[in-house]
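Only the coordinates and a few stated rules stand behind these numbers; no lab work does. Keep in mind it's a predicted model, so treat the numbers as computed, not measured. Cβ coordinates were reconstructed from backbone atoms using ideal geometry, including for glycine residues, and neighbour counts include every protein chain displayed.
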Amino acid sequence: MANHTRRVIIVGAGIAGLAAALRLGEAGWSPLLIERAPERRGGGYALNLSGLGYDAAERMGLLPALTERAVDAFELAYVTAAGRPRFTVPSRTVQAVLGERNATLLRGDIEAVLYDAVRARVCDPVPIRFGVTVDAVAQDADGVRVTLGDGTTEDADLLIGADGLHSRVRELVFGPEREFRRDLNHLIAAFTVDELPAGVRERAFTSVAAVGRTMSFAHLGPGRMAAFFTHGSPDPDAELAMGARAALTRAYGDLGWIVPDLLAGLDSGSPVYFDSVSQMVVDQWIRGRVVLLGDAAWCVTLFAGYGASLALGGADRLGLALEHQPADIPAALRAWDAELRPMAEKHQRRGRRNTGLHAPTGRLELFLREVPLRLAALPPVTRILQHRLHRA
Ligand SMILES: Cc1cc2nc3c(=O)[nH]c(=O)nc-3n(C[C@H](O)[C@H](O)[C@H](O)COP(=O)(O)OP(=O)(O)OC[C@H]3O[C@@H](n4cnc5c(N)ncnc54)[C@H](O)[C@@H]3O)c2cc1C
């Protein structure tokens, strides 16, 4: 079926998809990216790259460009619902807890660094078809054929579904989303903001936490600001159906500080990430020559703080596995699945363990959650927090 050698179609040009294009491209594959969005995404939300992802970034030669865009140090500030300061975790303590090998950036910055690397090192212009998705996938022992929404077909040796939590490739090849989705009964909304709201600290993650919800504002530097809303919900699907503006107003409308202005700003039509917090539990990420990568495969969720790291690290390990067994793609994919699975499951466990942190169910839980933060600058507590963050 496939008449090209070592051609890979990658659905989704997020961190996982772009990292796969770079890694496989450098290993001699010819990538084609299929991206549903009409153009490249910018901004996104703030995230921390560490562990496997940081190691992969180093091996892939991305650290200088990532470091250039990363925030060097930031503090955690907590305010009341009216915006009055409560307590602060100083930046040196935050750095000590995170460790040295990590970088905090906007998602769009990581994607931009990957995109530039693909263009410089694999193919210029970057082979992306925007504004289109996959309608059908067929495969045999020799290759895989993808039919796109515009009726065209593309043949390849390998298809990577890197199309996120609601993956179309997963649905077409593995089965309906509901078979794999584990809801953590929370909603997350995140969006970038152009102007620093009055009274918000620079170089800080400032949060207002209340029973059932947390709202945070991240200032990572000029032009790099994002707001996050996380709340518990018995019925995430019903809230998603309401839309971000209505659901967030219902959940946060009683809070003061910058919250009313941020909610009002949602009417401007700028993009908002609004979704349920859900993990993907897929027994095997491979079906023949089709493989899932990133959130499409495992989605550890923001509660694990490791999805971008796994997306980047998973792409790097996929490249390594295919380099080790170039003649037997299915065997390379199985080896990759077996190697990565324990890491993904470990971070899924962490995601589930951290669930209550963002939406404490009562005042006691809220108080207890804050105790270690209030004491974080004390060296023994710093060490405990370091241990918690880096343990399985
Ligand atoms: C608020 C928040 C904070 C987070 N913080 C952290 C953190 O601190 N550290 C960390 O490591 N991770 C964090 N994460 C998780 C991390 O952002 C994700 O795990 C990671 O970005 C997943 O990347 P991905 O490429 O797999 O998926 P996505 O980013 O979802 O990208 C999927 C791509 O596929 C495209 N697409 C979707 N459907 C289709 C289709 N049908 N056809 C074609 N294209 C399609 C999309 O437009 C998108 O470009 C956070 C997540 C959130 C929401």
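Output the antiparallel fraction of DSSP beta bridges having both residues in the chain, as a percent to the nearest 5. Intermediate values should be presented prior to the final figure.
Numbers: 50 of 69 bridges.
Percentage antiparallel, nearest 5: 70.
Would you mind ranking Arg23, Arg41, Arg213 by Cβ crowding within 10 Å, fewest neighbours first?
Values: Arg23 28, Arg41 15, Arg213 21.
In increasing order of surrounding Cβ atoms, one gets Arg41, Arg213, Arg23.
If each residue's Cβ is checked for other Cβ atoms within 10 Å, how do Arg317, Arg341 rank with the fewest at the top? Each step should come with its number before you reach the end.
On the way: Arg317 20, Arg341 16.
In increasing order of surrounding Cβ atoms, one gets Arg341, Arg317.
Dividing the Cα radius of gyration by the Kirkwood radius, what Rg/Rh value follows for segment 42-166?
On the way: Rg = 20.4 Å, Rh = 18.2 Å.
That ratio is 1.12, to two decimals.
Can you compute the modelled spin-label distance between Leu357 and Glu339, with each label point 7 Å from Cα toward Cβ, in nm?
Here the modelled spin labels are 2.8 nm apart.
Give the Rg/Rh ratio for segment 98-143, taking Rg as the radius of gyration of the Cα atoms and Rh as the Kirkwood radius, to two decimals.
Details: Rg = 16.7 Å, Rh = 14.2 Å.
Dividing the radius of gyration by the Kirkwood radius yields 1.17.
Within segment 1-104, report the GluC sites (Glu not before Pro) that DSSP leaves as loop and that have at most 12 other Cβ atoms within 10 Å. Let's see the in-between values first.
Working: sites: Glu26, Glu35, Glu39, Glu58, Glu68, Glu75, Glu100; in loops: Glu39, Glu100.
Sites meeting the loop and neighbour criteria: Glu39, Glu100.
Can you compute 3J(HN,Hα) from phi for each residue in segment 277-286, using the Karplus curve 6.51 cos²θ - 1.76 cosθ + 1.60 with θ = phi - 60°, rounded to whole Hz and x for Gly and Pro?
Ordered by residue, 3J(HN,Hα) equals 8, 9, 9, 10, 10, 10, 4, 9, 7, 10 Hz.
Taking K and R as +1 and D and E as -1, what net charge do the other residues with C-beta under 9 Å from the C-beta of Ser276 add up to?
Numbers: positive: Arg181; negative: Asp183, Asp237, Glu239, Asp275.
So the surrounding residues net to -3.
So for Ser167, Ser207, Ser270, fewest C-beta neighbours within 10 Å to most, what's the order? Please report the intermediate quantities before stating the final value.
On the way: Ser167 27, Ser207 19, Ser270 12.
Sorted ascending by nearby Cβ count, the order is Ser270, Ser207, Ser167.
Sum -39500 (n - 2.57) across every DSSP H segment of at least 4 residues in the chain, then divide by the residue count to get the 222 nm mean residue ellipticity, nearest 500. Kindly include the intermediate steps, with their values, before the conclusion.
On the way: 14 runs with 151 residues, N = 392.
After summing the helix terms and dividing by the residues of the chain, the value is -11500 deg cm²/dmol.
Quick one: grab Rg to one decimal and Dmax as a whole number for the chain, Cα atoms only, in Å.
Reported Rg and Dmax, both Å: 21.0, 65.
Anyone know which of Ser276, Ser309, Ser91 comes out most mobile in the 10 Å Cα GNM of the chain?
Ser91
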